[in-house]
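The values are calculated or read from the model by the stated rules, or taken from the named source; none is laboratory data. Remember, predicted model here, so these are calculated numbers, not experimental data. So basically every Cβ, Gly included, is an ideal-geometry build from the backbone, and we count neighbours across all protein chains shown. In case anyone asks, the SASA skips ligands and DNA or RNA and just uses the protein heavy atoms, side chains included. Shrake-Rupley method; radii C 1.70, N 1.55, O 1.52, S 1.80 Å.
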Amino acid sequence: MIGFGLIKGLLVTLRNLFGPIFTVQYPDKRAGIFEYAKFRNKSISRIFLDERKNFFLAILNYVKIPVRNEQFSRFRGNEFVWYDDRCTACASCAKYCPLGIIEIETHPGGENLQAGENYEIDKFSIDTGRCMFCGLCVEACPYDALHMGTDFEKGTYIRDDLVLDKETLISQKKNPSSWFRPQFESSEYDPWKESLPDSKKAGRHEKPTDEDIKRNWVNKRSKSE
Amino acid sequence: MAIRSEPITINLGPQHPSTHGVFRMRVTFDGETIIDVEPIFGYLHRGSEKLAEERTYTQVVTLTDRMDYVSSMLNNQGYILAVEKLCDINPKPRGVWLRMIASELQRIASHLVAIGFLIQDLGAWGTPLTYAMREREKILQMFEMLCGARITNSYLRPGGVFMDAPSVFWDVLDSFIASFPKSIDELEKLITSNEIIFSRTKGVAVLSSKDAIDASITGPILRSTGVDWDLRKRDSYDYYDDVEFDIPIHEAGDNYARYLLRVQEIRESLKIVEQCKKNIQPGLVRPHHDEVPDLLKPPSGDCYVAIEGSKGELGFYLVSDGSIAPYRWHVRSSSLINLTLLKDMLVGTLFGDLFVTFGSIDINMGEVDR
């Protein structure tokens, strides 16, 4: 019968009309009074006293609250997390970057300058304007100093603002993603809920101390010479 | 008395909403009938093959993501297989099963996009596309769990995958396998028996199997003309020998057969995913750094590896001169070669069938121009 297939298709759309909604509103969504009270962390009567206008808007389901989409913790996001005290300036990340956007400048520091046992970092910058977030730099880092970030809403008016220099990397919020960092996944750390400013918790192992370096590396080299 | 008419030439694209990217066609019409089609491409050329010549073998994985951006996992798989053949790497079994799961999921996602946009090109604005995209969204969320990205995955590494799947992934995969057949039934109910789609696609742009073989067309388009050719069976790679699946074949060779074949292939891919999940054993997902270093230095030589991509035979030709970067990298992109018969398929059809046929070929401009 001609038209039967059409009706069958229309029944599918009709059934989905009353089904659950799968699209989400972004970046803001309209909320009712209960949802708004939960978002403001206040009781409904408190909202009525403090913000009369929003109370009535919320009753009409017209008040807007921001939405944050739930993402998995392995998300490769913007805003790299870099722990300066874990970094040994080995520049593995810069060598692994397919685009060459990580810049590192160092000078020998520490006590034993001749052996070059310790490097001071003058410049460490990532040009996220050209970054494609493949994460190879994070995979390369031997001391877990560099991590992918979790943010993805970073728009600027000036291109230079996208360059993350050393000061920005140190001062910005540290929410490392668990990409290529199995220790985060086993410890059930959730980057969307908490930040991790403590560099000691971030690594699979401690950063080698000066004595470790002297024992394992400097002495070995002097022996071979 | 017939009305005297003169042929008229129209430029379609490169920036046309129906051309699936920046593709341009110079079409000559006589009335409403197409008498000549000239495809012009190269608007999305980024020089991926040249860029690979100054990047290490691991870094090139990121370039393959950006070729066919709706089937990145399959591109990764083809490239990694080529590297493994060139460097003689033995992949770890768990890594291979994981990358088979990922690439079959990607094939489902890619076919869903193909079906959705075919119906979109027919003029059903939005509705069927939303059904297809809803299912694709679930797959992309699983990819985010695996590798932290949805489109540009870079999940595979020489010898396996970069990291094991998180424990959450398996639960989500279970619920996906349970719920997906229902969703694809729903999509089929919406489209397959629809009379408007019958009349628009059946018998339109028919391709004979001889023409398809002569033009070295591969993938769903070749199988829709009645040729039993699937590289997963013919020239098996990874562990496709150990899983059971059928290859759907149609004889008609028209737009409808191409659509129906993709739906059936989705069901077969789901079967493969299910079996991979059963067969996977705990273990390492990639060889240790001592076995396979991050900086690969293959011996000088060349190799060609082809896989059954979502759009046809996806071949990677790698030449090594013994250094850390490929000397030459060539991609046999199925989209580009499937486009070669566009003129033969379209001449004699009407203007309204042009974009439908174009949608049923399922090309991706990122892969055509690379």
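Out of the residues in the stretch B:176-195 that are without any contact (Cβ under 8 Å) to a residue 60 or more places away in the chain and facing chain A (nearest Cβ under 7 Å), state the one that is farthest from A:Gly5 (Cα to Cα). Spell out the reasoning first.
First pass over the stretch B:176-195, keeping only residues without any contact (Cβ under 8 Å) to a residue 60 or more places away in the chain: B:176, B:178-179, B:182-183, B:185-186, B:189, B:193-195.
Pick out the ones that are also facing chain A (nearest Cβ under 7 Å) and you get B:186, B:189, B:193-195.
Working: B:Glu186: 13, B:Lys189: 8, B:Ser193: 5, B:Asn194: 4, B:Glu195: 6 Å.
Within the stretch B:176-195, the match that is farthest from A:Gly5 (Cα to Cα) is B:Glu186.
Scan the stretch A:70-79 and give yes if some residue there is modelled with pLDDT of 80 or more and over 20 Å from B:Asn153 (Cβ atoms), otherwise no.
For the stretch A:70-79, residues modelled with pLDDT of 80 or more and over 20 Å from B:Asn153 (Cβ atoms): present.
Just to be sure I understand, how many residues within the stretch A:172-199 are exposed (fewer than 12 other Cβ atoms within 10 Å of the Cβ) and basic (Lys, Arg)?
Within the stretch A:172-199, residues that are exposed (fewer than 12 other Cβ atoms within 10 Å of the Cβ) and basic (Lys, Arg) number 1.
Checking the conditions here, which among A:Arg52, A:Arg40, A:Arg68 is open to solvent by 80 Å² or more (accessible area, probe 1.4 Å), under 22 Å from the mean Cα position of the chain (by Cα) and away from chain B (no Cβ under 14 Å)? Show your work before the answer.
Numbers: A:Arg52 fails: under 22 Å from the mean Cα position of the chain (by Cα); A:Arg40 fails: under 22 Å from the mean Cα position of the chain (by Cα).
When all the criteria are applied, what remains is A:Arg68.
Could you check how many residues of the stretch A:4-19 are outside any helix (DSSP H, G or I) and either surrounded by 10 or more Cβ atoms within 10 Å (Cβ to Cβ) or away from chain B (no Cβ under 11 Å) (or both)?
So the count comes out to 1.
Tally up the residues in the stretch A:152-189 that are of a type in the set (Ser, Thr, Tyr) and more than 15 Å from the chain's Cα centre (by Cα), please.
Count: 4.
Taking the stretch B:278-312 only, how many residues are of a type outside the set (Val, Ile, Thr) and within 14 Å of chain A (Cβ to nearest Cβ)?
Count: 7.
Take residues that are away from every other protein chain (no Cβ under 14 Å) and tell me which of the helices (runs of 4 or more DSSP H) falling wholly in the stretch B:34-145 contain 3 or more.
B:72-87, B:93-122
Considering only the stretch B:221-252, how many residues are over 19 Å from B:Met100 (Cα atoms), crowded, with 17+ Cβ neighbours inside 10 Å, touching a helix residue (DSSP H, G or I) at 6+ places or on another chain (Cβ under 7 Å) and not β-branched (Val, Ile, Thr)? Can you show your working first?
Residues of the stretch B:221-252 that are over 19 Å from B:Met100 (Cα atoms), as a first pass: B:221-229, B:248-252.
Narrowing the set further to residues that are crowded, with 17+ Cβ neighbours inside 10 Å leaves B:221-225, B:227, B:229, B:248-250, B:252.
Next, from what is left, pick out any that are touching a helix residue (DSSP H, G or I) at 6+ places or on another chain (Cβ under 7 Å): B:221-225, B:227, B:229, B:248-250.
After this cut, where a residue has to be not β-branched (Val, Ile, Thr) as well, the list is B:222-224, B:229, B:248, B:250.
Selection size over the stretch B:221-252: 6.
Of the residues B:Asp185, B:Asp171, B:Asp164, which single one is of a type in the set (Asp, Glu) and under 18 Å from B:Ile80 (Cα atoms)? Spell out how you get there, then give the answer.
Values: B:Asp185 fails: under 18 Å from B:Ile80 (Cα atoms); B:Asp171 fails: under 18 Å from B:Ile80 (Cα atoms).
One residue alone meets the criteria, B:Asp164.
So if I check each of B:Asp121, B:Asp88, which one is open to solvent by 10 Å² or more (accessible area, probe 1.4 Å), among the acidic types (Asp, Glu) and more than 20 Å from the chain's Cα centre (by Cα)?
Details: B:Asp121 fails: more than 20 Å from the chain's Cα centre (by Cα).
Only one candidate qualifies: B:Asp88.
Is it the case, given these coordinates, that B:Ser154 is touching an Asp or Glu at 6+ places or on another chain (Cβ under 7 Å), within 14 Å of chain A (Cβ to nearest Cβ) and part of a helix (DSSP H, G or I)?
no
For (1) under 22 Å from the mean Cα position of the chain (by Cα); (2) open to solvent by less than 10 Å² (accessible area, probe 1.4 Å); (3) closer than 16 Å to B:Val331 by Cβ, each residue gets a yes or a no:
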position	(1), (2), (3)
B:Ile8	no, no, no
B:Phe23	yes, yes, no
B:Glu32	no, no, no
B:Ile35	no, no, no
B:Gly47	yes, no, yes
B:Tyr57	no, yes, yes
B:Val60	yes, yes, yes
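Of the residues that make up the stretch B:294-311, is at least one touching a Lys or Arg at 6+ places or on another chain (Cβ under 6 Å) and open to solvent by 40 Å² or more (accessible area, probe 1.4 Å)?
no
Scan the stretch B:125-135 for residues that are out of contact with any Gly (no Cβ under 8 Å at 6 or more places or on another chain) and buried (at least 19 other Cβ atoms within 10 Å of the Cβ) and report the count.
Looking only at that region, the number is 1.
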